[in-house]
């Protein structure tokens with residue numbers, strides 16, 4: 001083996017890996033974001049992967065504040081996996097979180113008391129992580145981060161077959177294979193070849209693997225900037241028995257740094273569901289949080305998903321033998337809704353329709369933990385999640401799975417655009433059972449065609465031909481189908497493809513950057529469409545969403 005003298009993969013190394021990966025992704029996030037197959041202003045893969053690691057480290061710090069004692073490697077990996085899952089943003093972040101989960105499951109399955117992972121266990125971790133990643137995608141595609149993951153896992157297993165192999169040898173083999181697979185992605189996906197880029201998620205995974213190898217070789221192996229012409233670039237608390245006074249076994253207090261009052265509101269509602277004596281006061285950026293509950297780490301995790309948790313204190317409650325203090329009972333709806341939205345207008349519209357809203361937009365997409373907090377905040381017997389974004393769908397599924405593990409009843413309606421979410425919410429009968437509600441909402445979302453008008457952010461080759469920066473682009477069902485120099489003509493051409501003789505309702509959602517002239521232009525275009533199709537009803541919405549001046553939906 002050519003790898004320098006290797007260090008063990010123990011808990012300290014795992015922590016350094018998380019820090020090194022976050023640092024590497026912080027440096028490269030803008031470059032990864034730029035590896036967007038479409039020349040539209042919503043590429044945020046690098047940002048999502050960075051925030052996944054950044055949030056995971058916040059969760060780890062919070063757990064350390066809870067207990068602070070020494071923990072085993074398996075316990076530490078469990079915390080890292082949990083933190084990455086809760087912090088995962090975008091599909092790439094969810095897939096990335098499987099790497100930590102694979103590490104934990106491999107360690108726990110063989111020897112939960114081991115101080116470090118050997119070469120064979122690290123290879124098994126790569127394999128398990130790859131299996132989990134592929135299983136988590138409903139329609140896996142070659143030429144994505146999944147291909148890079150599979151190549152890394154296969155190389156790791158081959159390297160581990162050598163009896164003298166070290167974890168660094170396995171890591172080096174996985175990294176080399178991942179780099180080769182990344183360079184190969186444009187030959188697997190025509191969209192990548194047209195854009196002249198490699199897969200963004202795969203590029204982020206390579207950086208994470210580079211960080212692991214540097215940690216295992218004490219920094220003596222540097223990132224190989226010349227390897228690709230495409231891209232350079234706490235303790236686990238034991239379960240406690242519930243206190244018999246109904247108040248909780250522990251008093252948890254901490255400071256929360258958070259500027260999003262909606263997230264703070266979701267945290268308050270979540271804590272009210274799982275604890276008692278809840279107090280969340282302060283603002284607009286610093287909050288004091290207090291709660292009584294049986295498992296302190298639950299409060300810390302929830303706080304970390306709302307902002308930065310610090311100055312955590314835990315006290316065991318003194319039993320007085322008095323009367324139990326049961327939480328007040330409130331009527332609960334049969335089905336509640338969690339919806340993602342970007343833009344003040346869309347947030348208000350979803351809230352007015354009864355949804356608990358999680359703000360989510362390119363560059364700041366909802367994390368698994370934020371969605372989980374919102375699910376707890378719904379306060380209904382069951383919940384339906386509307387991701388309203390294809391790149392939030394996996395995070396929504398992960399949040400729903402985590403909620404089910406906590407005993408909640410949750411389903412996801414795979415809405416891929418805000419207009420689909422609005423259509424789904426319009427048919428919700430809050431008194432219906434979950435199965436019926438989800439079926440009706442999924443049918444409404446699936447029957448809604450969605451389109452977007454935006455402006456090209458750079459020169460590029462697209463499925464509709466070449467485009468130049470500044471040209472108007474029309475997307476239908478996520479694919480660029482219209483390129484035009486004139487915004488009005490682009491809107492006319494896109495609507496001609498979106499609207500048919502069977503269309504009954506056209507929803508037009510104006511974005512944050514739409515001015516009076518742009519609005520007048522769209523009104524003229526839609527007016528001509530109404531004259532050609534007098535039976536169509538048109539609904540205008542001031543959505544305020546970033547990135548896309550116009551969102552369109554046809555039902």
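List of remarks:
- Among 424-435, 363-374, 24-35, 261-272, sorting by the average number of other beta carbon atoms lying within 10 angstrom of each residue, highest first, gives 363-374, 261-272, 24-35, 424-435.
- The label point for residue 520 and the one for residue 532, both projected 7 Å from the Cα toward the Cβ, are 2.3 nm apart.
- Ranked packing of 400-409, 439-448, most packed first, by mean Cβ within 10 Å: 439-448, 400-409
- A straight chain from residue 288 to residue 310 at 0.36 nm per residue would run longer than the Cα-Cα distance by 6.9 nm.
- Full-stretch length increase - residue 353, residue 426 - with 0.36 nm per residue and alpha-carbon distance subtracted: 25.5 nm
- Three-way shape label, the chain, alpha-carbon gyration tensor, a/c 1.5: oblate
- Counted over the chain, the DSSP beta bridges are approximately 70% antiparallel.
- Extension gain (nm, one decimal) between residue 477 and residue 364, 0.36 nm per residue minus Cα-Cα: 38.5 nm
- Sorted by Cβ density within 10 Å, fewest first, the residues 316, 454: 316, 454
- Note on residue 72 and residue 540: with the Förster distance fixed at 41 Å, the Cβ-Cβ geometry gives a FRET efficiency of about 0.10.
- Modelled spin-label separation between residue 439 and residue 54, with each label point placed 7 Å from Cα along the Cα-to-Cβ direction: 4.4 nm.
- Along each principal axis, Cα extent of the range 250-316, largest first, Å: 30, 23, 17
- Förster radius 56 Å - calculated FRET efficiency between residue 261 and residue 187 (Cβ-Cβ, nearest 0.05): 0.70
- With semi-axes defined as the square roots of five times the eigenvalues of the C-alpha gyration tensor, the equivalent ellipsoid of the range 9-216 measures 27, 20, 13 Å, largest first.
- For the range 449-554, the share of DSSP beta bridges that are antiparallel, to the nearest 5, is 80%.
Coordinate-derived values only; no laboratory data. Predicted model, so just to flag it, every value in this text is computed and none were measured. Ideal geometry is used to build each Cβ from the backbone, glycine not excepted, and the neighbour counts take in all protein chains shown.
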